[in-house]
Structure formats: C-alpha cells, structure tokens
Amino acid sequence: MVDTPPRSKSGLTTRDNLTTLQTHILAEEQKYPEASGTFSWILSALALSAKVIADKMRRARIHDVLGSLDSDNVQGERQQKLDVIANEILLRCLGTRSGVAIVASEEDENPTLIQRETGGERPYCVLFDPLDGSSNLDTCGTVGTIFSILRHDRRAQSPEASILQKGTEQAAAGYMLYGSSTVFVLTTGTGVSMFVLDPSIGSFLLVQQNVRIPAAGKTYSVNEGNRQSFPQGYQRYLDWAQSNGYSSRYSGAMVADVHRILLRGGVFLYPPTKKSPEGKLRQLYEVNPMAMIIEQAGGKAVSGTTRVLESQPKALHQRIACCMGSPDEVDHVVRHLG
Ligand code: P6P
C-alpha cells in the first residue's frame, strides 16, 4: 500500500512519499481486527531506537564514543562503547512500551522481565543484537541492529523458558542497517517491507514492499580465513563456486552481508569452525530473525541441511551454523554437504 497523492484544485500534486513506517504498521494492523495496537507500539519503539542510535553513530568520533571498553560481554567479546549505548537505548525505548513482557539482548546474560501479566493485552518478547558487527565501527564500516519478536508464553515457568521458541514462532523480525543511509527492514509474516530514514523529517519512509530475493546470484559471503577448519562439504562448495566464477563479498557484519544478498542475490554462510564448532552466530537474535526475512522474501535458510527456523533453541545465547540466501544458491551449498 503506497499512498496516491490526491489531485488538488490547482491541479498540482506533491509527489512526496507519505507512507511512513508508522502508517504502514497501522495499515497492516487493520488487517487483523483482534490487533490491540501493542505491536505498532513495539515497532515504533524500535524505529525510535534506530533514529537515536544512528544519530549517536554519526557523531561517535566527535563525541569520543568509539573504541572498546575494558569489559567483555556475556559472549566473552570485547564490548564497544556504542554496543553498551545502543543496548541502553533499546532497553529504555522498549521498557516504556505496554505489551513488552520480556526483553533479551546479546549484551545481557539473562532476559529482563519488563512487566508481569497486564490484563488482556497480548504481551510480546523482544530479542535483539543491539549493534551487530560493532567491531567495524572504528573504521566507519556498516553495522546494524537485529530484532526478533515472539509472543510471550504465559505458561512459561521463567522469562528464559518463554523465549526458547523455534524461529517459526516469530511474530515479526527485522533489522536496522546504519550505512550510507539508515534502512529499516521488517517482516510480520506476510512479506518483507523496506523503509529508509529521511533525516530531514525524522521518519522512516516506505521504499519497497514485498521485497523478493533473486532466485540466484553468483556471490558467496563467508570468512574464508576459517576455511581450513570448515567441514569438508563447505570446502568442496567453495572449490566449486570458485571454479564457476563466483565473487566473494564479506564485511564482518552479518546484517550488512545478508542485506546485500537480499537485494542482489547470493548466499551467506557461517559454517562450524574449530573455534566455534556449533557456528559463531547466535540463533535467537541473529540467525532466526535474518532467516525469517530471507524466507519471507522467497529465499532459504538452513543449518547444515535442515531448515534453521525449525531448530529448537535450548539457551538464550545458543550459537548455530547457518547458510541463507537465494534458493538456488543455498541448494548449491547443501548438495555439497551430502
Ligand atoms: P568473524 C559480528 O561479530 C558477527 O556476529 C556477525 O555480524 C558477523 O557475520 C560475524 O560475527 C563475523 O565473524 O568470525 O568472521 O569475524
């Protein structure tokens, strides 16, 4: 749904795109009479977070908030100053919204219970990687925020139990990309929509609805520095790709690499390695949301040879090997693993 400007009396029309993320979400909600508006509140909190994070990043070097802290996160990874800042911004924006029962972040060991049951509102759990690829920040590289929204399981015995749901249970997923422009990509289960921040008005404007990934694309995205420790099947795939004229593109930020593949086609892989035998990427707030976006755009997302969204997570920070992208390209990888 993109608005068509009315023709005014003078016959002139403004061709301005007036379909914002907010109007798009409200229009989507109208399709579900039972929707309580909670969902749009959560997504607008994410949109607000993205604007604030993008603004902090643009001025990070000036305000001396680049670089790392003398601390590691729960993953044992050195925290960037902006990791912590982005995490706080998301927690504050989400924490004030009704309908958010639980938040969980890559930066925090445990989920946070925001509010106990409040009446009939359908509560949700919001999981996120606040600044994916943050090691790129010091060199002005592209980074992003990845989020996954699950329905709160009221029967769960604990906040962690409520979020340990398969990727197929996600109510929504998406990411914000802080690059040459600030992009917000979202799916609520009925296709993928893309928005770009117009800083002059402070709104995310709809630029593409029903984004479809190309069926094929001769580009693979993997950290080839780990090649020697990949299982043999992945090495066979790389030999095949390189002898068939494939290009390699890898930025070290999953959200940037997968976004490029969503628009141009290709395949992103993080196979098991000697250092990360389960794979490095976190299932609940990196792989599952990106996999939902790719599948909703017509692509495939697997771990080994099975659909990754069907994999039952056992812990909040569980890692998983993954391969996602154009359906034909994922098939090329899988057939070499057999
Ligand atoms: P490596 C960033 O730290 C991240 O979680 C993903 O965004 C990215 O794809 C991957 O790890 C990069 O890991 O081992 O290639 O540096």
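Descriptive notes on the structure:
The rows are residues; the columns are (1) within 16 Å of the ligand (Cβ to nearest atom); (2) of a type in the set (S, T, N, Q); (3) loosely packed, with under 14 Cβ neighbours inside 10 Å.
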| site | (1), (2), (3) |
| --- | --- |
| 187 | no, yes, no |
| 194 | no, no, no |
| 206 | no, no, no |
| 210 | no, yes, yes |
| 217 | no, no, no |
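- Residue that is modelled with the highest pLDDT, among those in the stretch 65-88 that are crowded, with 21+ Cβ neighbours inside 10 Å and among the hydrophobic types (A, V, I, L, M, F, W, C): 86
- Per the conditions (1) under 21 Å from residue 174 (Cβ atoms); (2) not in a helix (DSSP H, G or I), the sole criterion not satisfied by residue 278 is (1).
- First in the stretch 265-289 and closer than 23 Å to residue 127 by Cα and polar (S, T, N, Q), second anywhere and in a strand (DSSP E or B) and more than 12 Å from the ligand (Cβ to nearest atom), Cβ under 8 Å, 6 or more apart: 288/148; 288/170; 288/173
- Filtering 221, 243 for residues that are more than 12 Å from the ligand (Cβ to nearest atom) and either assigned by TED's automatic domain parsing to the domain that holds residue 287 or surrounded by 14 or more Cβ atoms within 10 Å (Cβ to Cβ) (or both) leaves a single hit, 243.
- Taken over the stretch 247-286, the criterion of being of a type in the set (Val, Ile, Thr), touching a helix residue (DSSP H, G or I) at 6+ places or on another chain (Cβ under 7 Å) and near the ligand (Cβ under 10 Å from one of its atoms) is satisfied by 258, 273.
The values are calculated or read from the model by the stated rules, or taken from the named source; none is laboratory data. Since this is a predicted model, take the numbers as computed values, not measurements. Please note: Cβ atoms are built from the backbone with ideal geometry, for glycine as well, and neighbour counts cover all protein chains shown.
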